[in-house]
1. Is it fair to say Asp792 is assigned to a loop (DSSP other than H, G, I, E, B), modelled with pLDDT under 70 and among the acidic types (Asp, Glu)?
2. Can you tell me which residues in segment 385-396 are at pLDDT 95 or above and farther than 19 Å from Ala341 by Cβ?
3. All but one of (1) modelled with pLDDT of 90 or more; (2) in contact with a Phe, Trp or Tyr (Cβ under 8 Å, 6 or more places away or on another chain) hold for Ile90; which doesn't?
4. Being farther than 30 Å from Gly516 by Cα and in a loop (DSSP other than H, G, I, E, B) is the requirement here; does Asn381 meet it?
5. Take segment 390-399 and flag every residue that is surrounded by fewer than 24 Cβ atoms within 10 Å (Cβ to Cβ) and part of a loop (DSSP other than H, G, I, E, B).
6. On the given criteria, is Leu542 in contact with a strand residue (DSSP E or B) (Cβ under 8 Å, 6 or more places away or on another chain) and in a helix (DSSP H, G or I)?
7. Can you find a residue in segment 279-299 that is crowded, with 18+ Cβ neighbours inside 10 Å, in contact with a helix residue (DSSP H, G or I) (Cβ under 7 Å, 6 or more places away or on another chain) and either at pLDDT below 90 or of a type in the set (A, V, I, L, M) (or both)?
8. Inspect segment 338-359 for any residue being closer than 30 Å to Lys82 by Cβ, among the aromatic types (Phe, Trp, Tyr) and outside any loop (DSSP other than H, G, I, E, B) and give the result as yes or no.
Amino acid sequence: MRNRNLPLKIAAVCFLFSIGNANAQDFKSILQSHLSAKSGILKSDLKDFEITNVDYSESMKGNVIDFQQSYQGIPIYNATGKSLIKKDQIFYLTEAFAKTYANVSSPSSGRPAQEVFTKMASKINLKNSSSYTILGIKDADLDTPFVKTRPIYFQTENNDLRLAQEFVFPETGSSAYWHILADAVTGEILSKENLTISCSFRHDAYHHDYSSHNPEGFTVDFAHQSGSEVSAPKVATAAAALDATYRVFPLPVESPIHGNRALLTNPWNDVGILPNAVTDGWHTISGGTYTGSYNTTRGNNVMAYEDKANVNAPGAYADGGTNRLFDFPFVVNDTNGNLNAAITNLFYMNNKMHDIFYSLGFTETAKNFQAYNFGRGGAQNDYVMAEAQDGGGTDNANFSTPGDGSRGRMQMYLWNPSVIQRLYYNAPAEAVNRETEALISTTFGPALTATGVTADVKLSPVLDACTPLPAGSLAGKIGLIERGTCEFQAKVQAAQNAGAIGAIIYSLPDSTPTSGMGGTNPNITIPSVLIPNSEGLYMKGLITGGTTVNVTLKYDPAAQKFRDGDFDNGIVAHEYGHGISTRLVGSLSSSANKEQMGEGWSDFFALMLTNRPGDNASVPRGIGTYAISEPITGGGIRPAPYSPDMAINSYSYDDTNGMEYTNTLGQIVPDVHSIGFVWATMLWDLHWKYVEKYGYASNVMANKNSGSYKVLELVTNALKLTPTNPGFIQGRNAILAAEAAIAGVPGAPTAPGNFDPFGLHGGPDKCMIINVFAKRGLGLNASAGSPTNINDQVADWTEVDPNDQSICKDYTLATSETAVKDAMNIYPNPAKNEFFIKAGKNIAGKVVVEIYDASGKMVSNQRINPTEAVNTQNLTNGVYMVKVSGMGVNYSSKLMIKK
């Protein structure tokens, strides 16, 4: 049994301390009061900072403040902080300021930005660098190649503050969106990150380089912002939304194999969506640069179009006509005929992601994606450019997230079928349309063409063709050869010498798996394929039985049964999720912190928005099953399905050790897909714990009292409190802080620096959250080690006792400053097979728990220790009355059983 006596650590964040009455002060003054207490830590000339963003959180009832450290008015890279201020008191604060320096470059030493860019561009071989327009940080982006820039200090490993120019720009002719820091004199590259996150969803998705994000606050004006308590944004006045109808796979349907399409009219009116999220519907831009109304897949939140030519610019839109009826045909695998349906589904999903997460707090001031912000704050002109059936690749999808005010870009690709057709039966009739895996050699013989070769199949006179075949024995035929004994190229050469115009090799039952046929024989002129043993025996049986087998060996890309990622709502949600986590957290650089969780948040969002009706914790979930041609029960593209069952998914925090690989450039980089998978596993566990306590909802927005909604709201709020470049521990701490904030926990008059966020305060779910993370090794004593080392994490499995009032005291139970010390409740409620008693004071001895049904009949009587579970396995769904009695105890409560 794991030790429950937990020696708690003092966390690295300052949490829930009172600043006193500061109603007359602005936010900067409040923060300065705290930071001045660190005079012994910060050098005096490193205390300067500017507020870069203020976002009022309705659910946390406070203002989330982003701030940026500066030196002599110039920002310092990655030296940022976040705070939650409620009623002019700091509720939560975390910062990553530069604490000292050795040498500082003079601002006057810097060269003009254009000159530095030219030097930098030559170092990365940027094509057509002279065609890029250099813009200031606050200027709007253009429809031509542009570069946003500002001077910035980069702190070296030697603690020098080195003057640099910060460049953010999309590379023309590429999906790359670069964030580069270059020395302001020499152009030497100090930091280079690709803002385009490529998320290969194949089974080998754990072997890809990762591209990260821009630093916090980059695209906002670096100028003083202040003000006392900022209220929630007001609803803007706009014309009535234009009606529109779409035939799509409606959420929570994940893909074509998970459910059917439906015809939806004005889906922005769905339950749970706030009016501000859809002030003017999906087809009108009410103001700003792109004002207008559209009958195509274009509006305030997203511009969806095809980009088959990979030009990274709008191609054809789906056009709904004057009635905006977007009802187009869909046939699985018919990517050409599905184009308009694909664009429509992509438009729908991007808008739904916008509306759902707007309602969860991803608003204008939280740096969301909108063309026009209705005067509510934030930077605008940054709707998502969603590119359907993008020609930039296959088996992939990506999202580019520049800072607030620059447009995000989503690229959705086609997906190769799990079986690539290279062998087509023409006879006998029973075999026509039969699909089989057929591998090829990429090192010998001619490539298969779209026309290919057609002939009858003849069994090789020497079955393995490892000795010479009689001359002319396979003339004009395609030879069928058994694998084994000699090399592939020798078998094909023998068939060719015997007059064959093609060769089919079939594996043995115990053949070693292969991805193709090796060899470099330059004399082979006929095509060949390798098929499974079962298919070879099938073909051989037909031939030996006297049936003519006629086949064509060819490869026709147009005939392949590709699947379209635009119809996989889980993948679209995952990609949009990168935009959410990047904008809310700020920088998610895997070079600054190798515990990169961006892929995890995106998987979690995809899972949550595609919750299936009737699911429960025992049902595993795979990601991307449609795109990779698996059934809905498939494992998907992660190391294991998502499940709280450790027998199905046993991954934990200590498994992140060593999750790195050598990329194609010879660099050792973190394997962020695997690392993110571990983080998402923890969040998925948290979902089911919330469901256990509060109930399940497949449509998370339909029931805001459900555990499904509560956990999605919690994680979204936590992103706002998560510091830039976080690791798992900071992500966990932000979730605990958000839980306390949402619960309305009061501030504690404790001196700054002496407050333990885990030992004193929390809402009703604090200890449940702690124990969920502890189950996966992220207990409160876990250690991340160095953020730039992915090999030194130390797991901690220690859980806390939910009845330990020194840790798990629920401050939301009190109705005043003086809590009712003997307050008692039962949890979870609704319950399934058991529930527990929670009391505000110790209970002496055992208690009697009586349970009565709706008719007043006693259906259970148990005498237990107060810390034991009350068994309800034999109770059916319904409402019951619970009475608890014992020494000094007399308590009753309603209980719902919901299994």
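The values are calculated or read from the model by the stated rules, or taken from the named source; none is laboratory data. Source: prediction; values computed, not measured. Neighbour counts are summed over all protein chains in view; Cβ atoms, including those assigned to glycine, are modelled from backbone coordinates with ideal geometry.
1. Considered against the rule, which asks whether it is assigned to a loop (DSSP other than H, G, I, E, B), modelled with pLDDT under 70 and among the acidic types (Asp, Glu), Asp792 comes out as no.
2. The answer is Met385, and nothing else.
3. Just one mismatch for Ile90, condition (1).
4. On the way: farther than 30 Å from Gly516 by Cα: yes; in a loop (DSSP other than H, G, I, E, B): yes.
Criteria met by Asn381.
5. Initial filter on segment 390-399 (surrounded by fewer than 24 Cβ atoms within 10 Å (Cβ to Cβ)): 391-396.
Those that are surrounded by fewer than 24 Cβ atoms within 10 Å (Cβ to Cβ) and part of a loop (DSSP other than H, G, I, E, B): Gly391, Gly392, Gly393, Asp395, Asn396.
6. Details: in contact with a strand residue (DSSP E or B) (Cβ under 8 Å, 6 or more places away or on another chain): no; in a helix (DSSP H, G or I): yes.
In short, no.
7. Scanning segment 279-299, I find no residue that is crowded, with 18+ Cβ neighbours inside 10 Å, in contact with a helix residue (DSSP H, G or I) (Cβ under 7 Å, 6 or more places away or on another chain) and either at pLDDT below 90 or of a type in the set (A, V, I, L, M) (or both), so the answer is no.
8. At the first step, the residues of segment 338-359 found to be closer than 30 Å to Lys82 by Cβ are 349-359.
Of the ones still in play, those that are also among the aromatic types (Phe, Trp, Tyr) are 357-358.
Cutting the leftovers down to outside any loop (DSSP other than H, G, I, E, B) gives us 357-358.
Looking for residues that are closer than 30 Å to Lys82 by Cβ, among the aromatic types (Phe, Trp, Tyr) and outside any loop (DSSP other than H, G, I, E, B), one finds at least one in segment 338-359, hence yes.
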